[in-house]
Structures are given as C-alpha cells and as structure tokens.
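Enquirer: Take this structure, written in structure tokens, and hold onto it; I'll ask about it next.
The values are calculated or read from the model by the stated rules, or taken from the named source; none is laboratory data. If you're wondering where the values come from, they're calculated on a predicted model, not measured in any experiment. Cβ atoms come from the backbone with ideal geometry, glycine included; neighbour counts cover every protein chain shown. Side chains included, ligands, DNA and RNA excluded: accessible areas come from the protein's heavy atoms. Shrake-Rupley method; radii C 1.70, N 1.55, O 1.52, S 1.80 Å.
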Amino acid sequence: MEVKTSLLDNMIGVGDMVLIEPLSEDTFIENLKKRFNHNEIYTYIGSVVISMNPYKSLPIYTAEKVEEYRNRNFYELSPHVYALADEAYRSLREQDKDQCILITGESGAGKTEASKFVMSYVAAVCGKGQEVNKVKEQLLQSNPVLEAFGNAKTVRNDNSSRFGKYMDIEFDFKGDPLGGVISNYLLEKSRVVKQPRGERNFHIFYQLLSGASDDTLKKLKLDRDFSKYNYLSLDSATVNGLDDAASFRTVRNAMQIVGFMEDEVQSILELVAAVLKLGNIEFKPESRCNGYDESRLLGIEQSVLERAFSFRTVEAKMEKMSTTLNVAQAYYARDALAKNLYSRLFSWLVNRINESIKAQTKSRKKVMGVLDIYGFEIFEDNSFEQFIINYCNEKLQQIFIELTLREEQEEYVREGIEWTNIEYFNNAIICDLIENNKNGILAMLDEECLRPGTVTDETFLDKLNTVCAEHQHFESRQSKNSKFLTDHSLPHNCFRIQHYAGKVLYRVEGFVDKNNDLLYRDLSQAMYKANHSLIKILFPEGNPAKVNLKRPPTAGFQFKASVGTLMKNLLSKNPNYIRCIKPNDKKAAHIFTDSLVCHQVRYLGLMENVRVRRAGYAFRQAYEPCLERYKMLCKQTWPHWKGPLFFLEEKRRQCLEDLATLIQKIYRGWKSRTHFLLLKKSQVVVAAWYRRFAQQKKYQNIRSSALVFQSFIRGWKARKLLRELKHKKRCEKAVSTISAYWHGTQVLNTFFSSNKEVNCFCLQMQKYFLGLKKMPSMSPVDKSWPARPYGFLDGTHQELRRIFHLWRCKKYRSQFTEEKKATYEEKLAASELFKDKKALYPSSVGQPFKGDYVEMTKNPKYQKLNSFVEDKVLVADVVSKINRANGKGAPRIFLLTKKSLVLADQKTGQVKASVPLLDLSSVSVSTQNDGFFALKLKEGSTSAAKGDFLLSSDRLIEIITKLHCIGATSADRNKINIDISDEFLVQFKQDKVCVKFIQGTPKNGNGVACKRKNNRLLEVSVPSP
C-alpha cells in the first residue's frame, strides 16, 4: 500500500505560511531561514509558492520526484514548484482554463531556473508519442539558444536574463503539447558595446570563442584570446561554474533540434563574429587604424562601409544633405550599428524559433503561459534599461496586488461578508507616474525626443523637474521641491523614483539617445547592399526602393505597448504565482541575510498576502463555473451539501467514471456490430469478385492457348514460303552472275588480242600486285620491303612503302595503353635529353622505367614515410648522398612526387629532407658513364639553407627524365634546366665546391670513385669505356 506524505508530516518549520503561529514579520523570516538551512527552499502562501535561491544543485528535481508529484493534490505533499506546475497543468487539462505562471523577483533570485523546472515538469507529465516528444524537445531546447544570446553575467547573477520572455505553450484537448509562441521584450542591447565593471557581454560571444573549432574560428577570422576584442570585458571573462565551451556545444545541438539549418547557423555565427570585429574599428581624424574584416564576413564592399561610417545623409522631402562625421560621431555610428545588428539578430532568432515550434493545427487550443522576465534591478549606475526593467516589474507587482489583495477583499465586501480591511501598499501611483499618457515620464521622454530644436538629456531632466516636482515618489536635486536641494546623495544629473522595491537613482545621461534608438540611414542602406542573405532580412529599411521618411516609434513607446499587451494576456488567464527571493548578495550557498530577505518580503507584499489568505476563504469559485462543473451531482448536492470539499470532487470523479463506463459500453457494442456488418459486406463483395476473377482467368487461358497454336501454324507456313522465295532468288542471281562473267571474258579476250602492249602492261601490273600479296612484317622497326620488278614502278613502289609504314605504325600505336604511352613519352624525353650527350644513356634504353623500386606500399617499414607523402610517388629508389667532407656516399630513400622530392633514411624511414620542386632551379650531370647528379636549389628559398644535394644513382636517366617531365607539364613552375658538363659547382651551405669528372681506373675496382682533393674540389673517377 502506498504511503502518502502529508504536508504536516516530518515538516521542517511551517510549509504553508497561512498556518504559522503567531504571524509576524519576525516569525515569517525565521520560518524561511529555518527551512532554507535544511535545503527546504519552497514554502507556500496558500496557492502562492515562495522560492529561495539555494545557489547550489539540490537532488529534488529527479524523475522520481516528477512521478511523486504527478496527479497529486496541491497540499498533499511538501511544498515544491512541481506541485504548482501540476496544479496548473491539471486545471488546464480538466477544467479547460487557460493558465499562466508568473515568476517574479529581483535579479539573481532564480526566476530563469524556476521557469526551466516548470517547463521540464509539464514536458515530463504530458502525453507521449513521436510527434509529441518532438514538440516537447523543441520547446525545451529553445531555452539554451535564447539564454546564450539573451543572458549575461551581472554583479548579482551569473546567468541574468537581459530580455523579457513570455512563452505560450499550446495544448490539445487531451493535454498533449502542440507547439508554442515566444514573445521577447526589450533586449538590453547597450550591453553589446559596454558592460559595467564586474559584468560580461552576452554569453554567446564567450561561448563562440571558447567552444568553436579551430576551423570554424579560422573561417570567421576570430581568435580565442578575449583581450583582442574591445567589446568583451576582461575582468569577468571567465565565470566559476560556467563552462563556455560545453555551453557552445549545447547551443549548437539545441539549434539543430529546434530546426535551424546548417547554413542558418553559419550565418548567425558570422553576424556574431561581425559584431565582435565592429568593436575593433578605430577612427582617426584622417584615417582608420585597422581594416574592415567584418566587411568580408558580411559581404559588403569595404568602400561602402567606410563611407557609411564617414558620412551621414539627411533627407527631408525632396532634399538631401550629406555631412561628414567627426571621430566621436563615427564611434557612435559604429556602436549603434553593432547594437542594432545584434538586437535584430536576436529578434530574428525568436521569430525563427517560433516558426519551428508553432502549432501546425488550427483547432482550438488550451494555453499555458510561462513568464520569465528580468527582475527588479538597483545598480550603482542605473540608466534607461534599468528604468524600463523596473517599470515592467512595477506592472507585474500591480497584477499581483490586484488579484491577490485588492480584488479578493473587494469581493468579500461585495458579497456582504464581514471583513476587516487589510492595508497594503498599492503601487498604481508609481505606474501612473511612469506611464501616464500626459504627465508620465515615458510620455515626456517621447515628447522631448520628437520636439524640434536642441534636445539633450538635460532638457529632458528640466522637463521632469517642472512636471513631476510635486509627485511624492519623484525626487530630483534641481526640482522646485526644497527638501532635495541639500541632498548630496542626489547628483544634479540624476533623478530618483521610490519604487515598490525601494528607491532607485537613475542617471539621465543616454535616456534620449536610447529612447530614440536611431540608426543612420547610410548604415541601413550599406547593410542592405550586403551579399549576406540574413543581413538583407534584418535591415529592410535600407532598400532604396522603399525609403520611409516617417520617424520610427521610440523604444519607450514600443515597450509600453508591449507591456500593455502582456498585461492583457496575463489577465485573460488563471494566474499561478512563484515569488522568488534572493537569500544573499554574495551568490553563495548556506548564507541567509535576514535584512535582505526582510526587504524583499516587504516590497513583495508577502505579509499582506498571508493576512488576506488567513482571513479569507481557502476555496473560492464563481457560481457559474461551479454549477457547470458539479451539475451532474445535483441529486446528491441539492439543496445543501454538508461534506468536505475534496469529497465533493471525489464524487464528481466517480460520477464521471460511471458515465465514461456507460458511454464505453454503448460505444463498444456499436463498434462491434458495425465491424461485423462490415466484415459480412466485405465477404460478399470479395466472393463475388473472386468468382468473376476465376472465370475471367479461365477464359484468358483458353484464349491465349488458341492464339499460341494459331501463331505457330502461321509461322510455319510463312517460313516455308520464305525458303522457297529465297531459293528462287538465289537461282536467278546465279544465272545473272555467270552470264555477266562470261560476257566480260569474251570482251576482254577480244580487247587483248587486238592490243598486245596493253596486254603486256596489265600482266606486269598484275604480277607486281600479286607479289605484294604476301604482307611484309608489321614491326615498325623492320625496314624490309619487296624489291621493285620494273623501273617504271619506282615512284609507285616508294609511295606504297611509305603508306604501308605509316599504316603499321598507326596500328602499333593503337595497341598502347595510357601507361605504356606515358612510358614511351618518357623514353622519348630521355632520348632528347641524353642521346649523344651522356655515356650512361645507351645502357638505359632497354630498361623499362618502373618508378617504384623499393615497394613503398608493401614494406611495413616505410608505412610512416608513405603517410608523410600526400601525392602519388613517381620515383622511389635508393640513392647515395655524397658527403663533401670525404666523398663517401650514404644510402637514402629518394622519393619524387609532382610537388616535392623527399630524402629519407633507408633503415628507419625517417625523413631527412623535403624539397618543394618550386625551390629546385637546375640539375647538373656529367657526360661520363656515371650516376652522379647535383640538385641545385634557388637562392633565397627556404630549402636552400643547407645547400644543394649531390647524389648518385644507377637510375639517373629515369630520375632526371621524370624531373624534366614534371617541370614541362606544370603551369605554375618553370622548366628545370638540365646542365650536362664534366665540371660544375655545388653549393654546400656557405661554400661552393667544384665537382670534376675524369676518366681513369679507380683503386677499388671498376666502379666510380669520388675523392676529396681540397676544400673546393671533389674529383670523380670514371672508368674508361
């Protein structure tokens, strides 16, 4: 029997704050601390989950935990984010209510991780199947891609979301996922060009440089050294616990699963590399310091990019004016291009992911939304991005207040229930300060950006001081409110807002530029001219045919509209809350800072939430949905019901099971009857068709047999008639031929009897041609030919001899294979080089050129040497390398390919020298009957450092011939000169040595001997012929 764990069994502290006694801020914090110290990071406030960031991995997210919380009541087990995810999923599936999960908290509180756990749980408990699993995997793998491009390390969080993400997961009526839609909000693109101290740029830059292969970095023209890129901060380039190389591999795999094509991934990496290289462009008043590598990455001509960074064209109606940018403006244009390029790439990524994960069916869908948005931020230097982020968090806090504090209390009063009002801070006044269409900060910022004339951040601050001076949540040193005139903690170029989470000091510098978010039209047009396919998509306004002079909406206006749409979307769904709390500012485990947690509890309104939940009803539901849900129980529940609520739900479940059993019974009977009738009908049809088929087949067999018999009879008759006709035709032809020959003989006899000279000439010609009937030899070297019998046939005789010789030569050549043809061409080349020039040549004529004399591929000793040579080996032989010191030779393996020659040790196969043929200038040999040859290298080449090579080989003719043929057939190198002389110079390192050949009798026998005479002379004795 399964033992269920109750919420109160073995509980550390109090799992639900509604049950805590006594209720005070101190007991609330103490309970959180006690549970946190025992790794109990989740606590309930009714249906709201409080999540403490443990800053370490806990074994509470296993597959066993998923099964433990699956289909269990919310309060049945100890608090967990899985319980809330299961409750939301079951409400969506069974009650047909669209759900949204709101995850809020300040930066570093663990919102991103909580959203991952929610999505992974929903993916684990919903249906199975090939298509369903594919959709689930794509939804889950979209997270690593967006985190790589949209998250960064900040001083408060090593994986801080620098954009807002809201994902709608769509389900069918069974609860199986169909797809999803991701909405992104305000990427912090200023981080691309500048990061505060102790923070990093977006993860993808570091992941690309750390995890990409050398080949990929070479294609992208990148270096792994972070310090070579101005856009990457160096003080926090590496983060403890983050493996950028492994993360890059995860991102590549995730992109493949989501559905990115390989060319799309390459295009994305090219744009990321281009952003990095943009930061390295430097400007001077007259010239730039470095080139434009990114222009090649983007497929843009360098001149086009240079002009876009040097000039700005302003269009107004029909007029154009071009101005030259100074150095500061050029840097501004560069940074604006980098920010826009990365921001648009990120938006394109989100749209591309949406194309892959969108639901393919158009039927009605159930939706579960998961909101993972940047948390409330208070930094030392807060700018426009923090202002927008905190505004969004104000709106989310307003939703929480509306639905959990204000609306519930107003409902009790409206229902006439006795209720003691619980006070709470309503931040609607702060939201109005920021978003009011007339006097709101965003409205005044837009008005200032659109105003003609000189607009600066100072004029914007002056306007705020004028309009918002009396607002109780706005503070400024320059405002008319005298109480801030002496506040030295408030600089003159700043203003301060009292947010629900505390006071935040905003530096006004950059507000106007970041709100305008302008990109010079020259840069947009330059990007549109790129050959890069993705660039054209990202910069459509650069199309000269679609020039739009209308000013684009400001960043603040777009974000305000996006937040308004998000709020409407959230209010249309049933909310589920996860309130994330950061236990300390050190990002360390086991540290609980009471003051920090207390501050978060206060501004999140958790104490007020507990008081409302304690004083209110545990379960509330509108009358219409309740009637709709439990109407099948009307006999047992009308007019009064005195049992517990959970038993009511159990009765409903039992009633549904009974109804389902009855429906299944009726359906199975109908299905079986229908199946039987179909079988019966099919049997009748099959029998009828079979009988018809059998009769047709029998008739076809009889008919085909008759046709075969008839065809044989007709064939026999036709062949008999054909034989008779052929015999008759042969008889007629024979008679005609005999008659013609007889008449011809008669005419010739008459002609020759009257012309004796002609008769004699014809007999002589007949005798001559009959003499040639015996064919002479077919060998091209055979010069024999029958003698002419008569002098007048001399011309004819010679011409016939010449024609026959050409014919038999052609017949002989047609028998050659390509290999044999190449051999004869080499022999011909050897003849042209050495015939009558080298005494060794006649002995080589009868020897075939084999090429490989050491069996390179078969000998295992030369396996390493064989792998060293990439090209085909033309000559492989053992030669002697002559030592200039004593004239003695050392055996070496000589390898010749189309690109280089290699000398290796004969015993070990170790490469001693490798010379490209491009470095070879000439070859010197003697006229004697020896095998010595000198390979002379070009002066100044890399191979000429050790000097020329003096070698000796019995196959000198073959080696030099193949060297000459390689030079003659290669278009990228000159012919190798062959110098044949009995005296030539050889360069040995820094000295030149003369090699002289003399005829004589060596002391050691009949061989060739080499002897050193002095430092400048080597004498080679060659036996006399």
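Enquirer: So what J values fall out for the stretch 86-93 if you push phi through Karplus, 6.51 cos²θ - 1.76 cosθ + 1.60 with θ = phi - 60°, rounded to Hz, Gly and Pro as x?
Expert: So the J values, rounded to whole Hz, are 5, 4, 5, 5, 5, 5, 5, 6.
Enquirer: Of all the accessible heavy-atom surface of the chain, with the other protein chains kept in place and a 1.4 Å probe, what percent is carbon and sulfur?
Expert: 53 percent
Enquirer: Hey, what's the Cα Rg ratio for the chain versus the globular rule of thumb, 2.2 N^0.38 Å? Mind showing how you got there, number by number?
Expert: Numbers: Rg = 48.4 Å, N = 1025, 2.2 N^0.38 = 30.7 Å.
The chain yields a ratio of 1.58.
Enquirer: Further question: Counting only residues 5 or more places away or on other chains, whose amide H sits under 5 Å from the amide H of Lys912 once H atoms are built in the peptide plane?
Expert: Leu903, Ala904, Asp905
Enquirer: Moving to a separate point now. What aspartates and glutamates sit close enough to Lys936 to cross-link, taking a C-alpha to C-alpha distance under 20 Å and skipping anything fewer than 8 places away on the same chain?
Expert: Excluding near neighbours in sequence, the set is Asp877, Asp919, Asp948, Asp954, Glu958, Asp972, Asp979, Asp982, Glu983, Asp991, Glu1019.
Enquirer: While we're here: Under a plain spin-label model, where a point goes 7 Å from the Cα along Cα-to-Cβ, how far apart in nm are Ser914 and Glu21?
Expert: With each label placed 7 Å out from Cα toward Cβ, I get 8.6 nm.
Enquirer: State which entries of Lys358/Lys568; Lys136/Lys671; Lys546/Lys573; Lys838/Lys975; Lys228/Lys284; Lys827/Lys975 exceed 29 angstrom in Cα-Cα distance in the structure shown.
Expert: Pairs exceeding the cut-off: Lys136/Lys671; Lys546/Lys573.
Enquirer: If packing is taken as the mean number of other Cβ atoms within 10 Å per residue, what is the order of 709-715, 511-517, 588-594, highest first? Intermediate results must be reported in sequence, preceding the final value.
Expert: Working: 709-715: 9.9, 511-517: 20.3, 588-594: 13.0.
With the highest mean Cβ count within 10 Å placed first, the list reads 511-517, 588-594, 709-715.
Enquirer: Val314 label point, 7 Å along Cα→Cβ, cut-off 15 Å on backbone N: hits in the stretch 436-455?
Expert: Answer for the stretch 436-455: 450-455.
Enquirer: What nm distance separates the two modelled labels at Asn755 and Ala561, each placed 7 Å from Cα along Cα→Cβ?
Expert: 11.2 nm
Enquirer: OK, next. Hey, quick one: spin label on Leu828, modelled 7 Å out along Cα-Cβ, who in the stretch 838-864 has an amide N within reach, i.e. under 17 Å?
Expert: 849
Enquirer: What is the helix-to-structure angle for 756-771, meaning the angle in degrees between its Cα long axis and the longest Cα principal axis of the chain, kept from 0 to 90 and rounded to the nearest 10?
Expert: 50 degrees
Enquirer: Tell me the per residue accessible area of the chain using a 1.4 Å probe; a whole number in Å² is fine.
Expert: Heavy-atom accessible area per residue stands at 55 Å².
Enquirer: Which whole number in µm²/s is D for the stretch 65-156 by Stokes-Einstein, with the Kirkwood Rh taken over Cα pairs at 20 °C and 1.002 mPa s? Spell out each step's value before the answer.
Expert: Working: Rh = 14.8 Å.
It comes out at roughly 145 µm²/s.
Enquirer: Quick check: the angle from helix 956-969's long axis to the longest principal axis of the chain, C-alpha only, nearest 10 degrees?
Expert: 60 degrees
Enquirer: Any chance you could run the full-extension gain for Lys720 through Glu447? It's 0.36 nm times the residue separation minus the Cα-Cα distance, nm to one decimal.
Expert: Extra length available between Lys720 and Glu447 comes to 87.2 nm.
Enquirer: Rounded, prolate or oblate: which one fits the stretch 900-942, using the alpha carbon gyration tensor with axes a ≥ b ≥ c (rounded when a/c is under 1.5, else prolate when a/b beats b/c, else oblate)? Could you put the intermediate results ahead of the total?
Expert: Details: a/c = 3.35, a/b = 1.14, b/c = 2.93.
The shape class here is oblate.
Enquirer: Can you show me the helix-derived [θ] at 222 nm for the chain, built from DSSP H runs with n ≥ 4 at -39,500 (n - 2.57) apiece and divided by the number of residues, rounded to the nearest 500.
Expert: Mean residue ellipticity at 222 nm (helix-derived): -15000 deg cm²/dmol.
Enquirer: For the pair Val455 and Cys598, what calculated FRET efficiency results from E = 1/(1 + (r/R0)^6), where r is the Cβ-Cβ distance and R0 = 35 Å, to the nearest 0.05?
Expert: About 0.25, to the nearest 0.05.
Enquirer: From largest accessible area down, sort Ser347, Ser672, Ser924; use a 1.4 Å probe on the protein chains.
Expert: Ser672, Ser347, Ser924
Enquirer: How far, in nm, would the chain grow between Lys888 and Leu707 when pulled straight, counting 0.36 nm per residue and subtracting the alpha carbon separation? Display every interim value, and only then the final one.
Expert: On the way: separation 181, 0.36 × 181 = 65.16 nm, distance 9.45 nm.
Fully extending the segment from Lys888 to Leu707 adds 55.7 nm.
Enquirer: Calculate, in nm to one decimal, what Lys861 and Asn543 gain on full extension: separation in residues at 0.36 nm each, minus their alpha carbon distance.
Expert: Once the chain is fully extended between Lys861 and Asn543, it gains 107.9 nm.
Enquirer: Roll a 1.4 Å probe over the protein heavy atoms and report the accessible area of Leu442 in Å², nearest 10.
Expert: 0 Å²
Enquirer: Sticking with this structure for a sec: For Asp16, which sequence-distant residues (separation of 5 or more, or a different chain) have an amide H within less than 5 Å of its own amide H, given hydrogens modelled in the peptide plane?
Expert: It is Tyr44, by chain and number.
Enquirer: How much FRET efficiency would the formula 1/(1 + (r/R0)^6) give for Gln472 and Gln329, where r is the Cβ-Cβ distance and R0 is 51 Å, rounded to 0.05?
Expert: My answer for the efficiency is 0.80.
Enquirer: Another question about this same structure. Set the Förster distance to 56 Å, then compute FRET efficiency between Glu137 and Lys872 from the Cβ-Cβ distance, nearest 0.05. Could you put the intermediate results ahead of the total?
Expert: Values: r = 49 Å, r/R0 = 0.87.
Approximately 0.70, to the nearest 0.05.
Enquirer: I've got another one for you. Could you sort the peptides 791-797, 74-80, 812-818 by per-residue average Cβ neighbour count (10 Å cutoff), highest mean leading? List each step's numbers first, then the result.
Expert: Values: 791-797: 11.7, 74-80: 19.7, 812-818: 9.4.
My ranking of the peptides, most packed first, is 74-80, 791-797, 812-818.
Enquirer: Right, another one. When only the heavy atoms of the protein chains count and the probe is 1.4 Å, how do His675, His471 rank by accessible area, highest first? Numbers along the way, then the final one.
Expert: Values: His675 105, His471 50 Å².
From most exposed to least exposed: His675, His471.
Enquirer: If you don't mind, another one. Cβ neighbours within 10 Å, averaged per peptide: list 979-986, 143-150 in order, most packed at the top.
Expert: Peptide ranking by packing, descending: 143-150, 979-986.
Enquirer: Might you work out the accessible area of Thr565 for me, using a 1.4 Å probe with all protein chains in place, and round it to the nearest 10 Å²?
Expert: Using a 1.4 Å probe on the heavy atoms, I get roughly 90 Å².
Enquirer: Roughly how many whole Å is it from the C-alpha centroid of the stretch 199-222 to that of the stretch 363-380?
Expert: 29 Å
Enquirer: Calculate how many DSSP beta bridges within the chain are antiparallel, expressed in % of all such bridges and rounded to the nearest 5.
Expert: On the way: 78 of 106 bridges.
So the antiparallel bridges in the chain amount to around 75 percent.
Enquirer: Next up: Among Phe709, Ser922, Leu956, whose Cα projects farthest towards the positive end of the dipole of the chain, with charges put on the beta-carbon of Lys, Arg (+1) and Asp, Glu (-1)?
Expert: So the residue we want is Phe709.
Enquirer: Further, regarding this structure: Counting only the heavy atoms of the protein chains, how much of Leu19 is accessible to a 1.4 Å probe, in Å² to the nearest 10?
Expert: Its accessible surface works out to 100 Å², give or take rounding.
Enquirer: For Ser107, what residues show an amide H to amide H distance below 5 Å, using hydrogens built from the backbone and excluding near sequence neighbours?
Expert: Gly375, Phe376
Enquirer: Now for a separate question. Of Thr908, Thr27, Thr154, Thr942, which has the most accessible area and how do the rest follow, probe 1.4 Å?
Expert: Putting Thr908, Thr27, Thr154, Thr942 in descending order of accessible area: Thr942, Thr908, Thr27, Thr154.
Enquirer: Over 20 Å between Cα atoms, which of Lys174/Lys362; Lys97/Lys134; Lys898/Lys962 qualify?
Expert: As for pairs spanning more than 20 Å Cα to Cα, those are Lys97/Lys134.
Enquirer: Then there is this: Only four residue types carry charge here, +1 at the Cβ of Lys and Arg and -1 at the Cβ of Asp and Glu. Report the dipole size of the chain about the Cα centre in Debye, rounded to the nearest 20.
Expert: Roughly 8740 debye, rounded to the nearest 20.
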